[in-house]
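Taken together, the values in this text are just the output of simple stated rules run on the coordinates, not laboratory data. On a predicted model such as this, the values are computed, not experimentally measured, just so you know. Here Cβ is always computed from backbone atoms with ideal geometry, including for glycine, and neighbour counts include all displayed protein chains.
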Amino acid sequence: MTTPTPTFDLDALDTQALLDRAHLHQDAGDHRTAVRFLAQAATHEPRDTAILTELALAQFHTAALTAAEATARQLITLAPTDAYGHLLLGRTLARQSRHREALPHLRLAVAMSGQWADHLTESETRA
């Protein structure tokens, strides 16, 4: 069941209100609507890596892979040592069957975190 689309002006909401609404939709499993709120929050705070992380993940969940890739690239440009950002980019590329491109990001994510080796192994097998 999807949550009804909001009928108010997203531009009128402050960043925290946008995030609160995005979290409500995420909790309800409505990632598509959450993306709208998170994208607007990212417009308000374009260098906020926490918002960009949430946005990339929500885009990934909705299979908006081109958008998720762009957001993840923006994230790792701002925070090159963000292991989860590299994981998001690697998984997004892998989901598009771009395993060779995913490998460097997945390797970095695993090296920095000590986690997620299963994602790396899967892309190594498919590359």
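Quick one: order 51, 76 by neighbouring beta-carbon count within 10 Å, fewest to most.
The fewest-first ordering by Cβ neighbours comes to 76, 51.
Let me know the charge dipole size of the stretch 10-126 about its Cα centre in debye, to the nearest 20, where only the beta-carbon of Lys, Arg (+1) and Asp, Glu (-1) is charged.
Value, rounded to 20: 460 debye.
Can you list the residues, at least 5 places off or on another chain, whose amide H is less than 5 Å from the amide H of residue 96, using H built in the peptide plane?
Long-range HN contacts for residue 96: none found.
Quote the FRET efficiency, to the nearest 0.05, computed for residue 125 versus residue 66 with a Förster distance R0 of 25 Å and r equal to the Cβ-Cβ distance.
That pair, residue 125 with residue 66, gives E of 0.50.
Neighbour counts of other C-beta atoms within 10 Å: give me 123, 113 arranged from fewest to most.
113, 123
How far, in nm, would the chain grow between residue 49 and residue 20 when pulled straight, counting 0.36 nm per residue and subtracting the alpha carbon separation?
Answer, rounded to one decimal: 8.8 nm.
Per residue of the stretch 109-123, what does 6.51 cos²θ - 1.76 cosθ + 1.60 with θ = phi - 60° give for ³J(HN,Hα)? Whole Hz please, x for Gly and Pro, Karplus curve as stated.
4, 5, 5, 6, 10, x, 10, 6, 4, 4, 5, 5, 4, 4, 5
Could you work out Rg/(2.2 N^0.38 Å) for the stretch 10-126, with Rg from alpha carbons only?
Dividing the Cα radius of gyration by 2.2 N^0.38 Å gives 1.07.
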